[in-house]
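Okay, so here's the structure we're looking at.
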Amino acid sequence: MLRVYACLVLEHDWMMVLLAAAICLVSCVTAFHLAAQIDTMGARRGRGWLLLLGFVTGTGIWATHFVAMLAYRPGLPTVFLAGPTIGSILIAIGATYAAWSLLFSRIRDRLWGAGLAFAAGIAAMHYTGMAALQTTGRYSYDYSLVAASIIIGSLCSMLAARLFAARRGRRLGAGALLASAICAIHFGSMASVSIRADPSVRLPPSSMDANLLTVFVAMGVVTLMAVMLATAI
């Protein structure tokens, strides 16, 4: 717990962290609001909306992750690889679409399955995004913190799915629980990382600097907010 606290306080820009948290909560609550509307539709009509729901949720998770990554201050030069960055958003959208599909299905234990699918998608997106972060050092992980963050994230995701299924009106509570899962996995995983400076490690020439990624993330956030506004209307 102390390591997570130290990671947040000493290795992050707090203004960016708060922005990431706001994007996370708003996108998750909006996703559950949209899910409640989809639940009132027929199966055929709701299928297209389910794709939009996966996009809103996945993009929200991705934007949260990369805004928080831009807040990270390891004290070394950093750049981002384009391939894993793009791959991470596709993973987030695909995994959350699968999770919502499970949640709306009639499969037994679908709530547990949906919660685990959310957590697996968040974790896969996070570590793919971490693969995009390149610096002049070598990574090592505290795997006990990695496991703890994923377990906590899984429990929060499953509770969010169960709360939504039990009470469709509890959109804020379900959204807050899913947002907690995203933050637990992201910041718990970030706290597990140690970077040892190594001058022999070179930054790859085919990469994006933080300023370019900021523009990319800003476009993603604006797109997300526009979709959310259109959905609300």
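The values are calculated or read from the model by the stated rules, or taken from the named source; none is laboratory data. Remember, it's a predicted structure, so these values are computed and weren't measured experimentally. Cβ sites come from the backbone with ideal geometry, for glycine too, and all protein chains shown count toward neighbours. These area figures cover heavy atoms from the full protein model, side chains too; ligands, DNA and RNA do not enter into them. Shrake-Rupley method; radii C 1.70, N 1.55, O 1.52, S 1.80 Å.
Near the amide H of Gly137, within less than 5 Å, lie the amide hydrogens of Asp198, all on another chain or at least 5 residues away, with H placed in the peptide plane. Using a probe radius of 1.4 angstrom, the carbon and sulfur fraction of the accessible surface of the stretch 52-195 is 66%.
I'm checking a number: the convex hull volume of the Cα atoms of the stretch 17-149, normalised per residue, in Å³. What is it? Before the final figure, lay out the partial values.
On the way: hull volume 14.5 nm³, N = 133.
So the per-residue Cα hull volume is 109 Å³.
Based on the mean of other beta carbon atoms within 10 Å per residue, what is the order of 191-200, 128-137, most packed first?
Working: 191-200: 13.8, 128-137: 19.2.
The most tightly packed comes first, giving 128-137, 191-200.
Mean residue ellipticity at 222 nm from the helices of the chain, using -39,500 (n - 2.57) per DSSP H segment of n ≥ 4 over the full residue count, to the nearest 500 deg cm²/dmol? Write out the running numbers ahead of the final one.
Working: 8 runs with 177 residues, N = 233.
Mean residue ellipticity, 222 nm, calculated: -26500 deg cm²/dmol.
A simple rule links phi to the HN-Hα coupling: the Karplus curve 6.51 cos²θ - 1.76 cosθ + 1.60 with θ = phi - 60°, which for the stretch 75-82 gives x, 9, x, 9, 9, 10, 7, 5 Hz, with x for Gly and Pro. Here Arg202 and Tyr127 are evaluated by their C-beta separation; at R0 = 22 Å the FRET efficiency comes out at 0.45.
If you roll a 1.4 Å probe over the heavy atoms of the protein chains, what accessible area per residue do you get for the chain, in Å²? Don't skip to the end; give the middle numbers.
Details: 11080 Å² over 233 residues.
Per residue, the chain has an accessible area of 48 Å².
Taking amide H as placed 1.01 Å from N in the peptide plane, the amide H of His12 sits under 5 Å from that of Arg73, each at least 5 places away or on another chain.
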